[in-house]
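Participant: For reference, the structure I am asking about is given below.
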Amino acid sequence: MSKLIFIFLGIVAILAIGFFLVWPEYQKFESLKVDIENNELDLRQVEDYFTKLERTAKDLEEYQNQLSKIDPALPDNSSSTVISLINFIQKASSQNGLNLKKLKSFSIISPKLPTQTAGAPAQPQSKVKDILVDFKVSGSYFALKNFIQTLENSAKIIEVENLSFSVEKEETPSIDLKIKTFSY
Amino acid sequence: MVIEIIPKKGAKIPSWQSYLLYFIIVLLLSSILGYFGLRYFIKKSDQKLKDLTAEVEKAKSPERKLLKEGLESLSAKIDDFAPLLLGHQKSSNFFNFLEENTHPKVFFTKLDFDAKANHLGLSGQTDDFLTLGQQLLIFRKSEFVQNLKLSEVKISKEGKVEFTFDFSLNPKLFNFSQ
């Protein structure tokens, strides 16, 4: 009879240990195993990602010459770009025989916010600002042509937006120019 | 009354009960051992997880983060720069076009060029209608002239023929290969 009691108590003890001690620990162990697997995957991905980045950076070193042209063409500071552009216009006009008569206006236009339609993925927004300078010069046709060519050959991307002139008899033509460049 | 001098044997316990008891004892010990075994592995796994987390953090070193930021900024700049470069126009081609397509006897007095709309307004004067007609033909033959319109044709006090041309310029004219 006493053996049966021990058997019964033993079964109860096994069930209690299994339910209250072993099972929760087992669950904890399983969850840790999953966390370890995830972290190992994370580590592999991070290592792969940075290895790729390091390889890309090394590859880009070969294109340093080409890449160095981007910064002057697309400078970081729009305010200093305006100042340097006006300075450049003044120098280039006098070098090409034009007379800078008047700086009519300049403006910095920030990029418009993209219109997002529902459900469509968000488009990365360009940070490029347009810098417009409106000015008046006077000089000959060929001086103007050379001046435009100087603008084209500069390290900046300069585009002619508007060009107008009129010749009044023997007077030196007065030329209105509106040019555009870009910055961040 | 019969006196029994040989003691009676006690009730015999079935052998399966003993086997079951031993089995239960083994199972009980195993579960206790299993519990401590699990705790040991949990401790080990916990340490491994901490080491891995530290390794992941170490892999994202400040130098690597700096490299990542630098490359991301360069990539954004290239993405922004590429369309600007592709859309960049060679405005001076416009002057070559004018030089190649102006009649020697035509004198342009006013020019209005809108690069955005690729629209050109040209006012000028010449000696006679024949020259004006030839100038019109020259423009019409040019592959870069579109929507040509001649207007405001009149004779000035000096007897010269005054006129205005309005037309659109083919964007190909401003390609760098031209």
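The values are calculated or read from the model by the stated rules, or taken from the named source; none is laboratory data. This one's a predicted model, so the numbers in the text were calculated from it and none came from an experiment. No Cβ is skipped: glycine too gets one built from the backbone with ideal geometry, and neighbour counts run over all protein chains shown.
Participant: Of everything in the range A:145-163, what is β-branched (Val, Ile, Thr) and more than 14 Å from B:Gly87 (Cβ to Cβ)? Give them in sequence order. Quick ask: steps written out before the conclusion?
Facilitator: The initial filter retains those residues of the range A:145-163 that are β-branched (Val, Ile, Thr), namely A:148, A:150, A:157-158, A:160.
Answer for the range A:145-163, where residues must be β-branched (Val, Ile, Thr) and more than 14 Å from B:Gly87 (Cβ to Cβ): A:Ile148, A:Thr150.
Participant: Consider B:Gly34 carefully, then state whether it is within 30 Å of A:Lys33 (Cβ to Cβ), surrounded by 11 or more Cβ atoms within 10 Å (Cβ to Cβ) and of a type in the set (Gly, Ala, Ser).
Facilitator: Details: within 30 Å of A:Lys33 (Cβ to Cβ): yes; surrounded by 11 or more Cβ atoms within 10 Å (Cβ to Cβ): yes; of a type in the set (Gly, Ala, Ser): yes.
Yes; evaluated as a whole, the condition is true for this residue.
Participant: Could you tell me which of the residues A:Phe19, A:Phe29, A:Phe50 is at pLDDT 90 or above, loosely packed, with under 11 Cβ neighbours inside 10 Å, part of a helix (DSSP H, G or I) and among the aromatic types (Phe, Trp, Tyr)? First the steps, then the outcome.
Facilitator: Details: A:Phe29 fails: loosely packed, with under 11 Cβ neighbours inside 10 Å; A:Phe50 fails: loosely packed, with under 11 Cβ neighbours inside 10 Å.
Being at pLDDT 90 or above, loosely packed, with under 11 Cβ neighbours inside 10 Å, part of a helix (DSSP H, G or I) and among the aromatic types (Phe, Trp, Tyr) holds for just one of A:Phe19, A:Phe29, A:Phe50, which is A:Phe19.
Each row is one residue, and each column tells you yes or no for (1) modelled with pLDDT under 90; (2) part of a strand (DSSP E or B).
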site: A:Lys127; (1), (2): yes, no
site: A:Leu132; (1), (2): no, yes
site: A:Phe135; (1), (2): no, yes
site: A:Asn146; (1), (2): no, no
site: A:Gln149; (1), (2): no, no
site: A:Ala155; (1), (2): yes, no
site: A:Leu163; (1), (2): no, yes
site: A:Lys169; (1), (2): yes, no
site: A:Asp176; (1), (2): no, yes
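Participant: Where residues in the range B:101-123 are assigned to a strand (DSSP E or B) and more than 9 Å from chain A (Cβ to nearest Cβ), which of them is farthest from the chain's Cα centre (by Cα)? Give the derivation first.
Facilitator: The initial filter retains those residues of the range B:101-123 that are assigned to a strand (DSSP E or B), namely B:107-114, B:119-123.
Among the residues that remain, those that are also more than 9 Å from chain A (Cβ to nearest Cβ) are: B:119-120, B:122.
Values: B:His119: 33, B:Leu120: 36, B:Leu122: 42 Å.
It comes out as B:Leu122.
Participant: For the range B:129-144, indicate whether the set of residues that are among the charged types (D, E, K, R) and within 28 Å of A:Leu132 (Cα to Cα) is non-empty. Outline the logic, then answer.
Facilitator: So in the range B:129-144, the residues among the charged types (D, E, K, R) come out as B:140-141, B:143.
Narrowing the set further to residues that are within 28 Å of A:Leu132 (Cα to Cα) leaves none.
No, there is no match, as no residue in the range B:129-144 is among the charged types (D, E, K, R) and within 28 Å of A:Leu132 (Cα to Cα).
Participant: If you don't mind, another one. Mind checking whether some residue in the range B:38-58 is facing another protein chain (nearest Cβ under 7 Å), touching a helix residue (DSSP H, G or I) at 6+ places or on another chain (Cβ under 6 Å) and closer than 30 Å to A:Lys69 by Cα?
Facilitator: No, the range B:38-58 contains no residue that is facing another protein chain (nearest Cβ under 7 Å), touching a helix residue (DSSP H, G or I) at 6+ places or on another chain (Cβ under 6 Å) and closer than 30 Å to A:Lys69 by Cα.
Participant: How many residues, within the range B:80-89, are farther than 18 Å from A:Gln64 by Cβ, surrounded by 12 or more Cβ atoms within 10 Å (Cβ to Cβ) and either more than 7 Å from chain A (Cβ to nearest Cβ) or within 16 Å of the chain's Cα centre (by Cα) (or both)?
Facilitator: 2
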